[in-house]
Amino acid sequence: MFVPGLIERKRDGGALTPGEWRELMRSYVAGAVPDYQMAALLMAGFLRGFTSEETAALLDAMMDSGSRLDISRPGRPVVDKHSTGGVGDKVSLALAPLVASCGLSVPMMSGRGLGHTGGTLDKLESIPGFRTDLPLDAVRRQVERIGCAMIGQTPEIAPADKRLYALRDVTATVECIPLIAASIMSKKLCEGLSGLVLDVKQGSGAFITDPERSRELAETMIRLGEQRGCHTVALLTAMDRPLGRACGNALETEEAIMALRGSGPQDLHDVTIALGVEMLVLAGERDHARAAARLEEAISSGKAAQKFQEIIEAQGGDPKVVEDPSLLPQAEEVEVYYAQRGGTVLAVEPRTIGHAIVEMGGGRHQVEDSVDHSVGFVITARPGQTVHASEPLASIFARDRDGIELGRRALDQAIRIGDGHPAPLPLIEARVTSKGHEPLV
Ligand code: URA
């Protein structure tokens with residue numbers, strides 16, 4: 001196929017046909033289209049847009065680039081959740097075992113860190129020995145046996161997304177509704193789901209910062225899911241500050257473990273339960289309150305934490321981290337960060353935090369970069385809180401003194417203290433389905 005002609009057409013505002021998208025994805029995955037041509041095409045589409053027919057065609061082409069999962073677990077509906085990405089968003093680590101411990105089948109396929117946001121896979125791989133690259137057949141057997149597997153894009157499922165995701169990360173082509181929607185839905189719809197819950201982030205730390213456009217992203221993904229027979233629901237949740245306190249791979253894994261054991265931060269707990277309720281409802285539970293009670297019981301009884309141990313063990317990791325998170329990688333240097341002045345915390349800017357983690361070695365500049373799992377922040381300051389000068393607001397975890405310096409400068413920028421009255425976004429603003437929006441505040 002003549003790729004420069006396709007790039008030219010997209011550059012000039014035209015559209016590719018479904019056949020062209022299919023052929024392009026097939027050739028890209030086969031290595032016949034180089035990354036530089038794909039990057040040019042993505043950037044042309046990013047700037048000129050994609051029609052809704054193109055978004056659907058791109059999704060189908062990405063799905064067709066690999067195989068599909070076929071889980072057979074009678075009476076145990078197959079459901080999953082995906083987040084559009086944020087800072088401190090470790091919900092998947094707690095939610096997958098939690099929901100699986102309530103009897104659902106959860107073949108969770110996630111991504112790595114992207115741009116300023118962290119990725120579930122990088123967080124899971126902070127667990128010593130944990131493997132996220134299971135062959136599809138092993139995933140199917142694991143889900144049928146214990147109800148859950150937590151894996152990355154494999155060469156078998158949605159291989160086109162695996163390559164495009166990494167390419168977009170390093171070519172400034174992430175923040176685009178059709179590309180995000182096709183990326184997320186291509187992985188998820190190949191899992192053979194009967195239901196999918198989306199956590200669509202809004203606010204300055206989300207890829208799509210404008211709340212109006214977050215809704216458009218949610219609606220786009222819901223339409224794509226429903227058209228392909230997968231009931232899809234979205235919650236619009238806040239990403240104008242980090243979720244929870246921990247930001248950085250191992251630190252977030254530890255916080256997710258705390259949430260599974262019932263001692264995590266309240267906002268993390270609330271978002272996890274709200275998404276879990278939607279998953280149980282998609283799986284047939286009729287009553288939202290009863291769904292919430294089932295999830296709370298799985299946490300308080302220890303069933304959810306135990307399920308996480310089973311998953312870790314099945315995937316080659318050390319299950320003892322659930323009882324003893326100090327077995328996770330530990331940073332060489334730790335320093336407390338204090339308030340420079342008294343006043344009200346006006347903002348804890350997630351994007352600045354996310355970029356700092358990448359700079360400190362906890363994320364990637366290049367596709368092949370390795371990640372230091374131990375670095376990051378634990379930030380206790382929340383927007384709206386009154387603080388005194390010299391009060392501790394955060395801890396910085398780094399591999400050396402330069403990292404601590406970098407972290408300190410990032411916190412100087414990210415945590416703004418003043419005299420105003422901030423208006424943080426509601427933690428969970430709305431529920432979106434194919435029938436419309438339901439405000440939750
Ligand atoms: N998550 C994904 O899986 N893909 C994107 O493009 C953005 C967030």
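The values are calculated or read from the model by the stated rules, or taken from the named source; none is laboratory data. Since the structure is predicted, the reported quantities are computational estimates derived from the model, not experimental observations. For neighbour counting, all protein chains shown are included, and Cβ atoms are generated from backbone atoms with ideal geometry for every residue, glycine included.
Listed here are the residues, each with its yes/no results for (1) surrounded by fewer than 21 Cβ atoms within 10 Å (Cβ to Cβ); (2) within 16 Å of the ligand (Cβ to nearest atom); (3) under 30 Å from Arg22 (Cβ atoms); (4) touching a residue at least 40 places away in the same chain (Cβ under 8 Å).
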residue	(1), (2), (3), (4)
Ala182	no, yes, yes, yes
Cys190	no, yes, yes, yes
Leu198	no, yes, yes, yes
Ile208	no, yes, yes, yes
His231	yes, no, yes, yes
Thr237	no, yes, no, yes
Leu243	no, yes, no, yes
Asp267	yes, no, no, yes
>> Pairs needed: first member in the stretch 284-295, under 17 Å from Asp80 (Cα atoms); second member anywhere, among the basic types (Lys, Arg); C-beta distance under 8 Å; at least 6 residues apart or different chains.
In response: Glu285/Arg294
> Is it fair to say Ser52 is over 21 Å from Val322 (Cα atoms), more than 15 Å from the ligand (Cβ to nearest atom), among the polar types (S, T, N, Q) and at pLDDT below 95?
Replying inline: no
> Got a sec? Which of Gln330, Gln366 is part of a loop (DSSP other than H, G, I, E, B), within 15 Å of Thr253 (Cβ to Cβ) and in contact (Cβ under 8 Å) with a residue 60 or more places away in the chain?
Replying inline: Gln330
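Among the candidates Leu121, Leu95, single out the residue that is surrounded by fewer than 24 Cβ atoms within 10 Å (Cβ to Cβ), in a helix (DSSP H, G or I) and either within 16 Å of the ligand (Cβ to nearest atom) or under 10 Å from the mean Cα position of the chain (by Cα) (or both). If you could, list the steps in order and put the result at the bottom.
Working: Leu95 fails: surrounded by fewer than 24 Cβ atoms within 10 Å (Cβ to Cβ).
Residue meeting the stated conditions: Leu121.
Could you tell me whether Gly403 is crowded, with 17+ Cβ neighbours inside 10 Å and either not in a helix (DSSP H, G or I) or not aliphatic (A, V, I, L, M) (or both)? Break it down into steps so the answer makes sense when it comes.
Working: crowded, with 17+ Cβ neighbours inside 10 Å: yes; either not in a helix (DSSP H, G or I) or not aliphatic (A, V, I, L, M) (or both): yes.
The answer is yes for Gly403.
Let's see how each residue does on (1) not in a helix (DSSP H, G or I); (2) not basic (Lys, Arg):
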position: Met258; (1), (2): no, yes
position: Met279; (1), (2): no, yes
position: Arg294; (1), (2): no, no
position: Ile299; (1), (2): no, yes
position: Ala304; (1), (2): no, yes
position: Lys307; (1), (2): no, no
position: Glu313; (1), (2): no, yes
position: Gly317; (1), (2): yes, yes
position: Leu346; (1), (2): yes, yes
> Could you say whether any residue in the stretch 124-134 is outside any loop (DSSP other than H, G, I, E, B), hydrophobic (A, V, I, L, M, F, W, C) and more than 13 Å from the ligand (Cβ to nearest atom)?
Replying inline: yes
> If Glu175 passes every condition in (1) within 11 Å of the ligand (Cβ to nearest atom); (2) part of a helix (DSSP H, G or I) but one, which one does it miss?
Replying inline: (2)
>> Can you tell me how many residues within the stretch 208-235 are closer than 8 Å to Leu198 by Cβ and not in a helix (DSSP H, G or I)?
In response: 4
>> Quick check on my filter: what residues within the stretch 334-356 are under 21 Å from Leu167 (Cβ atoms) and either touching a helix residue (DSSP H, G or I) at 6+ places or on another chain (Cβ under 8 Å) or not small (Gly, Ala, Ser) (or both)?
In response: His355
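What residue, of Arg140, Arg163, Arg168, is in a helix (DSSP H, G or I), more than 13 Å from the ligand (Cβ to nearest atom) and either over 14 Å from the mean Cα position of the chain (by Cα) or in contact (Cβ under 8 Å) with a residue 40 or more places away in the chain (or both)?
The unique qualifying residue is Arg140.
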> Which one is farthest from Pro135 (Cα to Cα), of the residues in the stretch 98-117 that are away from the ligand (no atom under 16 Å from the Cβ) and in a loop (DSSP other than H, G, I, E, B)?
Replying inline: Cys102
